[in-house]
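**Student:** This is the structure, below, for whatever I ask next.
Read the figures in this text as sums done on the coordinates, not as results from a lab. Given the structure is predicted, the values throughout are model-derived calculations rather than measurements. Every residue, glycine as well, gets a Cβ built from its backbone with ideal geometry; the counts of neighbours run over all protein chains shown.
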Amino acid sequence: MTNYNSFSMLFLAIVTLCLVSQNAEAQAPGINQFCKTSNSKRLCTRMVNGATNLHDASTNAIKVAIDVATRIQNLAPTIVQAASGLEPNMKRQLVDSCEESFSNSIEDLNLSIELFNQGDMGGVGTRLSAAFDNDCADSLKEQGVIVPTMVRLNAHFAKVMDNTLAVVFQN
């Protein structure tokens with residue numbers, strides 16, 4: 001009987017530890033409840049900005065993505081300086097391509113908020129995916145143009161979009 005009780009207690013302790021450790025980060029102090037599936041929980045928590053319901057958390061996350069996309073779009077004119085070795089026509093094409101790319105991303109993000117409010121989650125997924133798929137960085141890379149601030153913001157935009165998708169599409 002003693003062996004059976006010892007085994008039961010050991011089993012119970014292992015199961016408890018597994019359950020506690022599995023949920024530890026999602027329930028860590030300061031991590032918003034809507035960021036539990038995010039890869040960058042602290043960034044996500046800042047993005048949802050204290051939201052207490054899924055609607056507000058999703059809207060806040062999408063608005064952060066809009067803000068980052070707008071900041072990148074506003075940097076497009078700096079491409080001209082970074083592309084000093086390119087023909088003027090090619091410089092203008094790169095600037096126009098990046099401005100248009102991020103304009104489309106911003107439009108898709110704004111539409112995703114409208115679709116979310118209408119409960120059209122399929123449309124939200126389509127628009128968020130379209131916003132994430134941006135040609136600017138690829139166009140710059142193909143031409144050998146490096147704009148350090150844009151590179152950093154593009155990487156940040158990817159993290160923001162990843163978090164936005166995690167918030168909007170809670171498991």
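**Student:** How big is the gap, in Å, between the Cα center of the range 29-89 and the Cα center of the range 109-171?
**Tutor:** Result: 8 Å between the Cα centres.
**Student:** Loop only by DSSP, 15 or fewer other Cβ within 10 Å of the Cβ. Give me the GluC sites (Glu not before Pro) in the range 82-121 that pass, ordered by residue number.
**Tutor:** none
**Student:** Per residue, how big is the convex hull around the C-alpha atoms of the range 56-171? Give it to me in cubic angstrom, could you? Write out the running numbers ahead of the final one.
**Tutor:** On the way: hull volume 9.7 nm³, N = 116.
Taking the convex hull of the Cα positions in the range 56-171, it is 84 Å³ per residue.
**Student:** Among the listed pairs Lys36/Lys159; Lys63/Lys91; Lys41/Lys141; Lys41/Lys63, give every one whose C-alpha distance is greater than 21 Å.
**Tutor:** Beyond 21 Å between Cα atoms: Lys63/Lys91; Lys41/Lys141.
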